[in-house]
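The structure appears below as structure tokens.
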Amino acid sequence: MSNSMNRRNFNKLVAASATVAGIAPFGIVRAQSRKLKVGVLLPRSGFQALIGQSCQKGADLAPEVLKGLLGVDVELMNADTETNVDVARNRAERLIQEGANVLVGAFDSGQSAAIAQVAEQRGIPHIVNIAAAPQITEQGYKYVFRNFPIAPELLRNGLVLTGEVFKATNTSPKTAVFMHVNDTFGQAMARGVGAILPKMDSLHFKILDTIAYDPAAKDLTVEVSKAKAANADFLLLVCRLNDAIVLRREMVKQRWNPMGIISPGSPGLYEEQYTKSLGKYAEYAICNTVWYNPRSEMTKIVGAAFRKHNPKEELAFHGANVGYTFDAIMIAADAYARAKSADPTVLAEAIRQTNIPVARRMSLGGPIKFNAKGQVEGNLSAAIQNQGGLPRVTLPAEFSEAKIVFPSPDYKA
């Protein structure tokens, strides 16, 4: 079978009997259908609910797509962490008791760290879909794996892209104010900014002030007022979703128009609710973050399934949420197909031996291979900018869907 697959071939493959052995796309040998129980832990309620629900869409596509690609039946066992570390820990315990063979989740670093502790204690593989706090894979765990960059790598990639934004637009901002959420992820990113930025000779801006805030905050009047008073050229922002909306509204209210908003690697700015809530004020925000490869064959396959199940939604609004959640479940199914066993020790060893080529992954980056710590290296970021009501890849050029715009057209208007 050809490595190329159009939607018609994809639909035929998915509809085919899973008991018939054959050759799947990308040269994968399909095995006879087997069932893998995947416990998916995501914050589908609480202040991170919209992002958790977005990740869930990637999980929901996985059983259909992976049965066609790998001949593995995936059964999802979904649990809501309620954006709460203790709930995440308890739900992980419950899923294991109910028979989950592997855990996937949970977007948030604090919740993911709690799940990782449970998985390690119980000897059940845990694949982190999204969470960047380095300590998750620095504990010497044997059952915890992460195909997502740690905060320093995510930040370094984001800062390099920030320099590329300035280069592509012939701009040279001299100053920034740095605002960040004070949760586990935000604090890790803040430490990274302090350690990495001074060593980057390609960036010539100075941070005039650093302002931390609660991601659950309903009012950021004081924080925005302080940031505005710094009179910096642009805002460097590490945020979530709800706080990003609150912050942007306050910027409009206080008539603070810096050259632009640039995130060096965090969610929020590209989310659908950000654009729906803010309309024109969501435009031109830039987020340098991990993303799906808009040109990959796997993105076309998953995109076709996404449109089938979500005909009124845009995959672009779910970016890394869908891409990395799907990839996490694919890693589990790929290991299961090779191990031919749900025994946790055998399955964990198969995950450790994962080697998924670039052509078979949805997210930007190199082959999916875990190092001795259970961490995948070589994930890539893209400069995502809201243009025309949708987040678009603008850099690197080989993946771009639109041309980067900076400063924002309303700068000093």
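Since every read-out is calculated from the coordinates, none of them should be taken as a lab result. All values reported here derive from a predicted model rather than from experimental measurement. Because the Cβ atoms are built from the backbone with ideal geometry, glycine has one as well, and the counts that use them run over all protein chains shown.
Per-structure values
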| read-out | value |
| --- | --- |
| Cα-Cα over 23 Å, subset of K226/K412; K280/K300; K142/K369 | K280/K300 |
| Selected from G163, G52, G365 as most flexible by GNM, with the chain as the system and alpha-carbon contacts under 10 Å | G163 |
| Placed amide H near A106: partners under 5 Å, 5+ positions off or other chain | S112, N129, I130 |
| Exceeding the 29 Å Cα-Cα cut-off - candidates K37/K57; K67/K312; K167/K373; K228/K312 | K167/K373; K228/K312 |
| Hits among lysines - C-alpha to C-alpha of K218 under 16 Å, sequence gap 8 or more where chains match | K253 |
| Modelled FRET efficiency - R0 30 Å, D410 with E314, Cβ distances, 0.05 increments | 0.80 |
| Estimated FRET transfer efficiency when R0 is 51 angstrom, pair S225-D73 (beta carbons, to 0.05) | 0.40 |
| Long-range amide H partners of S263 with built H, under 5 Å | L237, I286, C287, N288 |
| Long-range HN-HN contacts of L395 with modeled amide H, under 5 Å | A383 |
| Value at 222 nm in deg cm²/dmol, rounded to 500, when DSSP H runs of n ≥ 4 in the chain each add -39,500 (n - 2.57) | -12500 deg cm²/dmol |
| Alpha-carbon centroids, the stretch 188-253 and the stretch 337-366: separation in whole Å | 38 |
| Computed over the chain, Cα set: Rg, Dmax in Å | 20.9, 67 |
| Mean projection area, nm², convex hull over Cα of the stretch 155-251 | 6.0 |
| Whole-Hz couplings from phi, Karplus 6.51/-1.76/1.60, listed for the stretch 194-207; x for Gly and Pro | x, 8, 8, 4, x, 8, 9, 5, 6, 10, 10, 9, 10, 7 |
| Solution diffusion estimate, µm²/s, Stokes-Einstein, the stretch 283-338, Kirkwood Rh from C-alpha pairs, 10 °C, viscosity 1.306 mPa s | 126 |
